[in-house]
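Since the structure comes first, as structure tokens, the remarks are kept for the end.
The values are calculated or read from the model by the stated rules, or taken from the named source; none is laboratory data. No experiment lies behind these values; they were computed from the predicted model shown. With ideal geometry, Cβ positions are generated from the backbone for all residues, glycine too; neighbour counts draw on all protein chains shown. Accessible surface is based on the protein model in full, side chains and every heavy atom, while ligands, DNA and RNA are left aside. Shrake-Rupley method; radii C 1.70, N 1.55, O 1.52, S 1.80 Å.
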Amino acid sequence: MLPCYVLLDLETTGGNAVRDRITEIAAVRFEHGVEVARWSTLVNPGVFISGFITQLTGISNALVADAPAFDQVGVQLLKLLDGAVLVAHNVRFDHGFLLHEFARMDVALRTKTLCTVRLSRLLYPGIKGHGLDAIMQRHGITTESRHRAMGDVQVMQTWLKQVAQQFGAAHLRQQALVLLQGSAALPPQLDTHVADIPEGPGVYIFYGEGTLPLYIGKSVKLRSRVMSHFSAASREPREMRIAQEIRRIEWVETAGELGALLLEARLVKKHQPLHNRQLRRESSLCAWRLDANPNARPLLTLVRGAELSPEQFGNLYGPYRSKNQAISHLRELADAHGLCLQALGLESGKGRCFAHQIGHCKGVCCGEEAPERHHLRLQMVLSADKLRVWPFAGPVGLREHNPHTGKGEMHIFNQWCHLTTVRSDEDLQEALQTRTEVLAFDLDSYRLALKYLMPPGKVGLTLIHLNSSSKNGF
């Protein structure tokens, strides 16, 4: 099949390469089509083997009690893999475990990999089911040692011989080389041709068996970013879970980075993918409202919901993702700048506050500091968190153009909210005539608008003032 390769299979205590360990290794090395070495060993994983794994593999805690640890056999395995392509059924699983085991020995494993699941899909595109059991049933292959390392290696060896007889050794070699051109790192069950994903800006969506997305991401280089997920799967548990669950990928091209950021934020809030932690819908956003009267008590009131309106931003500070975050941040500021917790509304009581007793309050609570001075200091301390008033008379558009793809989009904002993105003059006019309401405040849109509108410093962005009565060219 290839000039030099090693057929390998591992048995493990579970499916997580970070937490679980190897219990058995089997490997057969081939050079120019001839078997030159065959080796297998049990491995003491150093962790408990569950009853489920013992029932599946027949490998028990007692069986591996006297077996060598991985660091005692790792050098021998490295010699076997030297100069060879690592071939395994769902190779990402085996390769991930080996990467972690060798890393514990302070050894960097560097070897090319080839997945026989993907090879089977490539050779038999019209057939469903490419797991080892499905291949055994389809090709009439039997073994008395299923789920033992050498037994599974022998199944792969028999299957490759049958494939070579059916298609010819030259065709098998050619298809194997196709997979070696970078696609071997892909999850074997993935139905999408990654080569079809463009290498420009946009949003990608990972799907599993169902219709709801597993993960939504964005990049200025879509294909490279998608591939980076799969490359990281052997090192990061979350990426491994995504790689195990993914079945297909969809993508939406955008004109540039801003379009990708806005679309990602909108889709994540809409679909709430399982593996997205950032950009989820903010249901508890809040901000502090400062009373203009220095003698008011409390000086600050927490506002949220409809009160968190861009029209009120001149007196609002924040925003914060939760009440706890808002209070915690205010306490830190008070402690650092000698502000009075009683005056701020974070501590009950009258007269000298506890912070003043320990020297952390300048005494507005007991007449040692003028309320006007305390109020002014509070304004200065909060100034960095002050929400900005919308600086334009009405809606504005950020026109984004990509000279490489020719794509153009206009992102329409009003009162810090992203209203919509349009791609033609007709869509722009329709949006201005029909989209008159301002959406609810959104923290991600606010931050993106601040970054890109004040002023637009990115190449390819043009700021345009919009209104519904005049003609606005796209």
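Summary table
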item	result
Unit charges at the beta carbon, dipole of the chain: most positive-side option, GLY126, TYR207, PRO294	PRO294
Angle in degrees between helix 169-180 and the longest Cα principal axis of the chain, rounded to the nearest 10	20
From phi via Karplus (6.51, -1.76, 1.60), per-residue ³J(HN,Hα) for the stretch 140-154 in Hz, x at Gly/Pro	x, 9, 10, 7, 8, 10, 5, 6, 10, 4, 6, x, 6, 5, 5
Cleavage-rule hits (trypsin sites (Lys or Arg not before Pro)) in the stretch 113-172: DSSP loop, at most 11 neighbouring Cβ within 10 angstrom	LYS128
Cα gyration tensor shape of the stretch 308-425, rounded if a/c is under 1.5, else prolate or oblate by comparing a/b with b/c	prolate
Crossing angle, helix 371-382 versus the chain [Cα axis fit, 0-90 degrees, rounded to tens]	30
Filtered trypsin sites (Lys or Arg not before Pro), the stretch 194-223: DSSP coil and at most 11 other beta carbons within 10 Å	none
Antiparallel %, DSSP beta bridges [both residues in the chain], to 5	90
Relative contact order for the stretch 286-385, counting Cα pairs under 8 Å that sit 6 or more residues apart, in percent	26
Cut-off of 10 Å, at most 15 other beta carbons, DSSP loop: longest stretch of the chain lacking such GluC sites (Glu not before Pro)	210-367
Inter-label distance, nm, simple model (7 Å from Cα along the C-beta direction), ASP71/LEU450	4.9
Accessible surface of PHE441 - all protein chains present, 1.4 Å probe, nearest 10 Å²	30
Separation between Cα centres of the stretch 292-313 and the stretch 31-64, rounded to whole Å	65
Label-point separation, ALA170 to ARG248 (7 Å along Cα→Cβ), nm	3.7
Within straight-line cross-link reach of LYS362, aspartates and glutamates at Cα separation under 18 Å, skipping those fewer than 8 residues along the same chain	GLU332, ASP335, GLU347, GLU372
Using a Förster distance of 30 Å, the FRET efficiency for ASN315-ARG277 (Cβ separation, nearest 0.05)	0.40
Neighbour cut-off at most 16 other Cβ (10 Å), DSSP loop, trypsin sites (Lys or Arg not before Pro), the stretch 341-441	LYS350, ARG352, ARG388, ARG423, ARG435
Neighbourhood net charge (9 Å Cβ-Cβ; Lys/Arg +1, Asp/Glu -1) for HIS401	0
Rounded tilt (10° steps) of 70-81 against the dominant C-alpha axis of the chain	70
Among (i) 1.35; (ii) 1.66; (iii) 1.16, the entry that matches Cα Rg over 2.2 N^0.38 Å as calculated here	(i)
Sorted largest first, extent of the stretch 8-159 alpha carbons per principal axis (Å)	43, 36, 26
Nonlocal amide H pairs with GLY200, under 5 Å, H built at 1.01 Å	LEU222, ARG223
Between the stretch 246-260 and the stretch 380-407, the Cα center-to-center distance that results, in Å	22
Estimated FRET transfer efficiency when R0 is 35 angstrom, pair ASN16-HIS401 (beta carbons, to 0.05)	0.15
³J(HN,Hα), Karplus 6.51/-1.76/1.60, whole Hz, each residue of the stretch 226-242, x for Gly, Pro	4, 5, 5, 4, 6, 5, 7, 5, 6, 10, 10, x, 5, 5, 5, 4, 4
Cα-Cα P(r), the stretch 396-465, percent of pairs per 5 Å interval	3, 17, 27, 24, 19, 8, 2, 0
The stretch 70-178: C-alpha gyration tensor shape, a/c 1.5 cut-off, then a/b vs b/c	prolate
